[in-house]
1. Take every DSSP beta bridge with both residues inside segment 161-282 and express the antiparallel ones as a percent of the total, to the nearest 5.
2. Per 0.36 nm of contour for each residue apart, how much would the distance between SER35 and GLN232 grow if the chain were fully extended, relative to their Cα-Cα spacing?
3. Once both labels are modelled 7 Å past Cα along the beta-carbon direction, what's the THR211-ALA71 spacing in nm?
4. Which of the residue pairs LYS134/LYS283; LYS87/LYS145; LYS49/LYS283 have a Cα-Cα distance greater than 21 Å in the structure shown?
5. Once the cut-off is 20 Å, how many percent of the Cα-Cα pairs in segment 161-282 end up in the long-distance tail?
6. What Kirkwood radius, in Å to one decimal, follows from the Cα pairs of segment 20-151?
7. Report the calculated FRET efficiency for HIS120 and TYR91 (r = Cβ-Cβ distance, R0 = 22 Å), to the nearest 0.05.
8. At 37 °C and 0.692 mPa s, what whole-number value in µm²/s does Stokes-Einstein give for the translational diffusion of the chain, with Rh from the Kirkwood sum over Cα pairs?
Amino acid sequence: MKKLGLLVFFTWSMAWSVDFFWDIQKAKSVEVVQSIPEYQSFINWTQGKIRSEVKLPYTPNADANIGKTRAKIESEIREELRERLMKTMGYIQISDIFLLRDYYSLQTQIRNELIEAANHAFYYPLVQEKGFMKGMAELDFFGPKGIAQIFFRDRNRISLSNYIRNQRDILWYDGIVIDVFLYPQFLPSLQFRVYDEDDNLIYGPEVVDDTVLMERGVCQYVASLVAAFQSQRIGNRIFYVVPIAIKGRNPTEVVISRRDARKLLAHAQTHNALRSARVVVVKPNP
C-alpha cells in the first residue's frame, strides 16, 4: 500500500513537473493571459487566477543533514513565491482608474488583506530536478479566498427596470457576448462596465447579485469567439454585440449603441442573466 502511494505521488509529481511552466501559446488560443516575466508569473483572466513560479539551484550534499537542507530550500522557495504573488497582484487592473498596487499605499486595511491572501494561496509540493528545486503557487480572484471580493464591497446597486418593455414579441437572452476585437488597447479589469451612448451604466458590478459576484466576478474573459460560444457561462439565447467605443482613463470599459442597449434590456428575463453575470468578453491576446 505504501509503495502504491509513493507511485501515485511520483506519477503526479512528474506530470506536474512536465506542466510546470504554462504552455503560454496554447493557453493564449482560448484564454486571456497576461505575462509578468520579471516575476515568472502570469495573470490568467479566463481562469481568474495568478500563478507564480520559482526555480532555485539545489544539489543535496551527502555529508549534510538532507532533511534540514531541504527544509531550508523549501522555506526560501515559499517566501520567494509569496513575494512574487504580491508583486504580480499589483498588475491587476481593478477599474479604469486603479491598478491593484495603488491600494497598497491608499488603504492599510486592504493592503493587510492582500498580504493575508498571499499567505493563504495554494502552494504546490516542490518538484526536484537535477541541480534545481522548483515551486509554484496559485492565487484565485474569486471564491471564499479570492481577492476580488475586497474590491466589490462598497458598490452601489442599480436597477435597470426602466428599460423593460412589456410586449409579447420582445426577445430575451440568457447570455451576452461582448466582442472587443476592434479595440486591441482594451484592458481586462475586475470592475468591467458597459455604458450606452448617453453614458448610462448598462452593466457592471452594480448589477450583479452579491453571491455571484464573489464566486464568478462580473464577466469571463476569453481570447476567441469559439471559446466564447462554448463557454458554460452563457446559455443558448445569446446576445452578441460589438461596442461602438471603449472608455476610461485606462480603457477597461465599453460603450454600446443606444439601439443595442434598448434591445438588450427590453425583457425582464434578460435582467436575470445580467444579475447572474452570464457575460463573456472576447479579448484577443496581442
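Values in this text are rule-based calculations from the coordinates and carry no lab data. All of these numbers come straight from a predicted model, not from anything done at the bench. Glycine also receives a Cβ, built like all others from the backbone with ideal geometry; neighbour counts cover every protein chain displayed.
1. Percent antiparallel among DSSP bridges in segment 161-282 is about 25.
2. Net length gain for the segment: 68.4 nm.
3. About 4.5 nm separates the two model spin labels.
4. In this structure, LYS134/LYS283 lie more than 21 Å apart at Cα.
5. Pairs farther apart than 20 Å: 38 percent.
6. On the way: mean 1/r = 0.0629 Å⁻¹.
In segment 20-151 this quantity evaluates to 15.9 Å.
7. That pair, HIS120 with TYR91, gives E of 0.65.
8. 157
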